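Asks: Shown below is the structure under consideration.
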Amino acid sequence: MLKSIPTVDYKSSTAGRRRRWLAMVSSVALVLVATSPSLDFEGAVSRLLADAATNTTEIASSKPNMLLLVLDQWRYDWDGMTPDTPTGPLPLKMPFLESAAKKGVRFTQAYVPAPLCGPVRACLASGKEYDECGVLVNHVDDWPVAQDTFYKLMRDQSDYDVFSCGKDDLFKDDKNFPFYSNLGGHASVDLGFTNAMRSAGKHRVTKEHAPYERFRTFLEQSEVGNETKASAYDVYKQCFDGPTGPDGAWSTDSLCSADKFTSEIYPDDFVQREAVSLIANSKKDKPWFMQVNFPGPHAPMMSTAEMAASVSGRTWPSPHDSAYKHMLQCPQVKGVNDDVPHMGGRCNYAAELENLDKLMHNIFKYLTTVKLIDNTIICMVGDHGEMLGDHEIMGKKVPWQASISVPLVCFGPGIKEGVVYKDPVTTLDLAGTFMDFAGAKPNDDMTTKSLKPFMTEGTTPPREFVSSGLFKWRLVVQVVDDVSYKLICCKGDCGQSPTTVPPPIGGWQLLLYDTQADRFDMSPIEDKPDVVEKLRQNLPDGWCTDAKISVKAT
């Protein structure tokens, strides 16, 4: 049996009773959906919320609600709208994202300020570039105590309720909503949330010690299975520890079975239910902003049996520039049965994305049912990319396109429809954009800018160039004479790289690429010294000041 995790309560009042009624009915809908994976979400929620919606007071607001849906490790070209790769067609289906793009603005060159979970989310929250955000690596929990967030500014300046749920990768000992209950919120850091349901990533949740964060608590309190029941946590751990049988299959006595590892305990589905719960419990007389932090499609690339079966009939392109053409081959191809959960392979990265598209659509349908959608701006974005075996690289952290570029789509009231913008933008500017819509002003030390004038009026976006960086490299992307160039500066060599990268010169590796014509970083440009000098001026101080462009040996 699945158990719900407690949320906030409201004072006794007419408005409070209406809110509690909506929250109660929403919770019933969520439980039904969670315990019946085959149950149609729209039908269940629509029927149960029809009366609830009529019992809520609709209060017109000049300020929109705002919803930011963040997918973890989502590369720019796996969006269902980029059908071709150098190694074959990409049959990914993300119909909700595609429909959202038609309703709003799609950015095809959205770059992240740093391709690593902790730093990039700190950049967004602080409204600052990587070198200024104060969080340069993962897992250190070193948020600067005196540093504000755009969440806090929206809450305090514009009277927004600010919600967060899922894997936010921010400072864990927030004084209002500590990540772990035993922290007690004693730190002086206030991230700016009005309510938050914070949880860990996919694998990290199995490595915790009591008391646990929300998702682990949920798993510990739940049982799953049809004929034979088992602890949801035990099932989840066996699945994410990986298969122990031959050829990537689970052993016959494994708890990781189709009837136990289902959407009931899948981490992204859990976060979606948390998001709906936060909206259901929101105050109807105040605008809100919510950031939903999905754990997927970040590795491990794990699918329920239903998810795995949904992608097994399609051929997925192999990694580019790799001697290992079978790298990330799907378990289905290796002979693993379709009727069991699967781990690994590009097909299961796709299965996660298609499930996430469904979950984002579920939140959209909920907002439609409770009559909030007409006053809600929605943006969908990846926190950073995923190399997926291209150049024989897994993960992120590198300056290549699949690591630093992500999908970005925004739509909602006032945003122009059907716009595709192909020049560079930075996801750092989502903070400034949301503050602009809310009527809040960034602090003087924030460098985030607003995309609102472009999205609503069609004016030129606010930056001449965008930046990214991590550890021993920095880069800028800028349009020169209608061509989008990327200049990469690495101390020493760049590390894991495409096979065509020339060696460093004088302790630096300086590389120039055309990001549109060369999406996989295979053709470094050696004959554009004027472009190199123009972009070099925008690198941070001390980076490749006198370095020469790296060239192939003759």
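The values are calculated or read from the model by the stated rules, or taken from the named source; none is laboratory data. These figures come from a predicted structure and were not determined experimentally. Heads up, the Cβs are rebuilt from the backbone with ideal geometry, glycines too, and the neighbour counts pull from every protein chain shown. Only protein heavy atoms, including side chains, enter the accessible area calculation; ligands, DNA and RNA are left aside. Shrake-Rupley method; radii C 1.70, N 1.55, O 1.52, S 1.80 Å.
Asks: For region 485-510, enumerate the residues that are more than 29 Å from VAL135 (Cα to Cα) and hydroxyl-bearing (Ser, Thr, Tyr).
Replies: The answer is THR499, THR500.
Asks: Looking at region 375-394, can you tell me whether even one residue there is closer than 29 Å to VAL162 by Cα, part of a helix (DSSP H, G or I), polar (S, T, N, Q) and open to solvent by 20 Å² or more (accessible area, probe 1.4 Å)?
Replies: Yes: one or more hits.
Asks: Every residue in region 72-89 that is open to solvent by 10 Å² or more (accessible area, probe 1.4 Å), modelled with pLDDT of 95 or more and closer than 19 Å to ALA517 by Cα, please.
Replies: Once the filter is applied, which keeps residues that are open to solvent by 10 Å² or more (accessible area, probe 1.4 Å), modelled with pLDDT of 95 or more and closer than 19 Å to ALA517 by Cα, region 72-89 yields TYR76, MET81.
Asks: Next question. Just give me the residues in region 256-299 being touching a helix residue (DSSP H, G or I) at 6+ places or on another chain (Cβ under 6 Å), assigned to a loop (DSSP other than H, G, I, E, B) and not acidic (Asp, Glu), in sequence order.
Replies: CYS256, ALA258, LYS260, PHE261, SER263, ILE265, ASN281
Asks: Being without any contact (Cβ under 8 Å) to a residue 60 or more places away in the chain and either assigned to a loop (DSSP other than H, G, I, E, B) or surrounded by 17 or more Cβ atoms within 10 Å (Cβ to Cβ) (or both) is the filter here; which residues of region 207-223 pass it?
Replies: GLU208, HIS209, ALA210, PRO211, TYR212, GLU213, PHE215, ARG216, LEU219
Asks: Would you confirm whether or not region 249-257 contains a residue that is buried (at least 24 other Cβ atoms within 10 Å of the Cβ) and more than 25 Å from GLY385 (Cβ to Cβ)?
Replies: Checked region 249-257: at least one residue is buried (at least 24 other Cβ atoms within 10 Å of the Cβ) and more than 25 Å from GLY385 (Cβ to Cβ).
Asks: Any residue that is at pLDDT below 90 and either surrounded by fewer than 18 Cβ atoms within 10 Å (Cβ to Cβ) or in a loop (DSSP other than H, G, I, E, B) (or both) - is there at least one of those in region 300-311?
Replies: The answer is no; no qualifying residue exists.
Asks: Right, another one. Suppose we filter region 224-255 for residues that are part of a helix (DSSP H, G or I), over 19 Å from ALA308 (Cα atoms) and either modelled with pLDDT under 90 or among the aromatic types (Phe, Trp, Tyr) (or both); how many remain?
Replies: Summing the residues that are part of a helix (DSSP H, G or I), over 19 Å from ALA308 (Cα atoms) and either modelled with pLDDT under 90 or among the aromatic types (Phe, Trp, Tyr) (or both) in region 224-255 gives 1.
Asks: What are the pairs, 6+ residues apart or on separate chains, where a residue within region 337-357 that is in contact (Cβ under 8 Å) with a residue 40 or more places away in the chain has its Cβ under 8 Å from a residue that is β-branched (Val, Ile, Thr) and part of a loop (DSSP other than H, G, I, E, B)?
Replies: PRO341/THR304; HIS342/VAL336; GLY345/VAL333
Asks: A further question follows. I need the full set of residues from region 123-147 which are in a loop (DSSP other than H, G, I, E, B), of a type in the set (D, E, K, R) and farther than 18 Å from VAL425 by Cβ, in order please.
Replies: Of everything in region 123-147, those that are in a loop (DSSP other than H, G, I, E, B), of a type in the set (D, E, K, R) and farther than 18 Å from VAL425 by Cβ turn out to be ASP141, ASP142.
Asks: In region 412-444, how many are open to solvent by 10 Å² or more (accessible area, probe 1.4 Å) and among the aromatic types (Phe, Trp, Tyr)?
Replies: Selection size over region 412-444: 2.
Each row is one residue, and each column tells you yes or no for (1) modelled with pLDDT under 95; (2) over 18 Å from PHE96 (Cβ atoms); (3) not aliphatic (A, V, I, L, M).
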| position | (1), (2), (3) |
| --- | --- |
| LEU356 | no, no, no |
| ASP374 | no, no, yes |
| PRO407 | no, no, yes |
| VAL425 | no, yes, no |
| GLY439 | no, yes, yes |
